[in-house]
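Each remark here refers to the structure printed beneath this line.
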Amino acid sequence: MKGFTLIEVLVAFVVMAAAIAVLAQGFATGAAASVTAQNRTRAAWQAETKMTELEAGLLPMNLSQGGVLDESDPTWRWAVRSEPTSTAGLTQLTVTVAWKERGEERSIHLVRLMRERP
């Protein structure tokens, strides 16, 4: 008689189930990493945008301020902190963009020295 025994079929089934579980976990990890990368890229872009607004004079440099980036998603927030430096005429600006990702608070900080405006 040719064919497989019941034990051989069960072992093959268990091996296949384990392989599928490992592949599914790999896909889930990849998807989570993709979302994290997208959020960090968005945060960096938003921080650069706010810093550009400060450089262009659209936002005052001498105030600490902040707000919500997107009214449709209030978990994304921004803040600007202005600090004097030991060098006359220079101000240190820190732009922070914060968001929630998988229940955890994440943030990115962009720091730049700028000349004070007259």
Give the residue that is farthest from Arg102 (Cα to Cα), with candidates limited to residues of the range 1-36 that are surrounded by 10 or more Cβ atoms within 10 Å (Cβ to Cβ) and polar (S, T, N, Q). Gln25
For Glu83, are the conditions met, namely being in contact with a strand residue (DSSP E or B) (Cβ under 6 Å, 6 or more places away or on another chain), among the acidic types (Asp, Glu) and not in a loop (DSSP other than H, G, I, E, B)? yes
Look through the range 84-116, keep the residues that are closer than 28 Å to Thr36 by Cα and among the polar types (S, T, N, Q), and return whichever of them is surrounded by the fewest Cβ atoms within 10 Å (Cβ to Cβ). Ser107
Would you pick out the residues in the range 68-108 that are among the small types (Gly, Ala, Ser) and either in contact with a helix residue (DSSP H, G or I) (Cβ under 8 Å, 6 or more places away or on another chain) or at negative phi (or both)? Ser72, Ala79, Ser82, Ser86, Ala88, Ala98, Ser107
For the range 27-64, what are the residues that are within 14 Å of Arg115 (Cα to Cα), of a type outside the set (A, V, I, L, M, F, W, C) and not in a helix (DSSP H, G or I)? Gly57, Pro60, Asn62
Across the range 37-70, which residue is modelled with the lowest pLDDT among those that are of a type in the set (Asp, Glu) and closer than 30 Å to Arg102 by Cβ? Asp70
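The values are calculated or read from the model by the stated rules, or taken from the named source; none is laboratory data. Owing to the predicted nature of the structure, the values given are computational and were not obtained by experimental measurement. Glycine gets a Cβ as well: all are built from the backbone with ideal geometry, and neighbour counts include every protein chain shown.
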